[in-house]
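Asker: Have a look at this one before I ask anything.
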Amino acid sequence: MTKKHLLWYLQKNTKKLVEDGEKWMKDTANSCTIAAALIATIAFAAAITVPGGNNTNGLPMFSKEKAFIIFAISDAISLFTSTTSLLMFLSILTSRYAEGDFLYALPKRLIIGLVALFLSITTMMVAFSSTLSILCSDTIRNG
C-alpha cells in the first residue's frame with residue numbers, strides 16, 4: 001500500500017468518526033447548556049431575593065449571620081461557574097468541527113464546561129443548605 005492509498009484510507013474512515021463525534025458533541029453540549037442556563041437562572045434569582053427579605057434600610061435581614069455570608073459567596077460562585085459553563089458549551093455548539101478541533105480545542109472546552117457545571121451544582125447546593133440553615137435557625141429561635 002502506497003502512502004497515497006494510506007492517506008486516502010485514513011481520510012475516508014476519519015470522516016465517519018468526525019461526523020459521529022460532531023453529533024455526540026452537539027448532543028452533549030445541548031443537554032449541558034440547558035442545565036447550565038437553569039442553574040444560572042436559579043442563582044440569579046436567589047441573589048436578587050435574599051433569604052429572609054430586607055429590612056427598612058434595604059439591607060438583608062440576616063446579613064450579619066455566618067450562614068448568610070456562606071449563602072452569598074456560594075450563590076455568587078454558582079452564578080459565575082454556571083455562566084462559564086454556559087459559555088463553554090455555546091462555544092462547542094458554534095465550533096467548526098474540523099478534524100484538528102477534536103484533538104485539543106473541543107475536549108478542552110468540554111472538560112472546562114463539565115467541571116464548571118459540576119462546581120455550579122455543588123455551590124448551588126451549598127447556597128440552598130445555608131438558606132435552610134438561616135430560615136430554620138430563625139424558626140427555632142422564635143419558637
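Asker: When you go through I48, I69, I111, I42 one by one, which is the residue that is touching a residue at least 40 places away in the same chain (Cβ under 8 Å) and open to solvent by 30 Å² or more (accessible area, probe 1.4 Å)?
Answerer: I42
Asker: State all residues of the stretch 82-109 that are assigned to a helix (DSSP H, G or I) and either in contact with a Phe, Trp or Tyr (Cβ under 8 Å, 6 or more places away or on another chain) or farther than 15 Å from I34 by Cα (or both); if no residue qualifies, say none.
Answerer: E99, G100, D101, F102, A105, L106, P107, K108, R109
Asker: A further question follows. Return a yes/no flag: does the stretch 22-30 have any residue that is of a type outside the set (F, W, Y) and under 14 Å from T123 (Cβ atoms). First the steps, then the outcome.
Answerer: We begin by selecting, within the stretch 22-30, every residue of a type outside the set (F, W, Y); these are 22-23, 25-30.
Within this subset, residues satisfying the condition of being under 14 Å from T123 (Cβ atoms) are none.
No: zero hits.
Asker: Sticking with this structure for a sec: Restricting the stretch 51-63 to residues that are open to solvent by 40 Å² or more (accessible area, probe 1.4 Å) and over 26 Å from L119 (Cα atoms), which is modelled with the lowest pLDDT?
Answerer: That would be G58.
Asker: When you go through V126, V115 one by one, which is the residue that is closer than 30 Å to F62 by Cβ and modelled with pLDDT of 95 or more?
Answerer: V126
Asker: Pull up the stretch 13-39, narrow it to residues that are open to solvent by less than 100 Å² (accessible area, probe 1.4 Å) and of a type in the set (V, I, T), then point me to the one that is farthest from the chain's Cα centre (by Cα).
Answerer: Only one residue tops the list, namely T14.
The values are calculated or read from the model by the stated rules, or taken from the named source; none is laboratory data. Fair warning: this is a prediction, and the values are worked out from it, not measured in the lab. Please note: Cβ atoms are built from the backbone with ideal geometry, for glycine as well, and neighbour counts cover all protein chains shown. When the accessible area is computed, the model is the full protein with side chains, heavy atoms only, and any ligands, DNA or RNA have been set aside. Shrake-Rupley method; radii C 1.70, N 1.55, O 1.52, S 1.80 Å.
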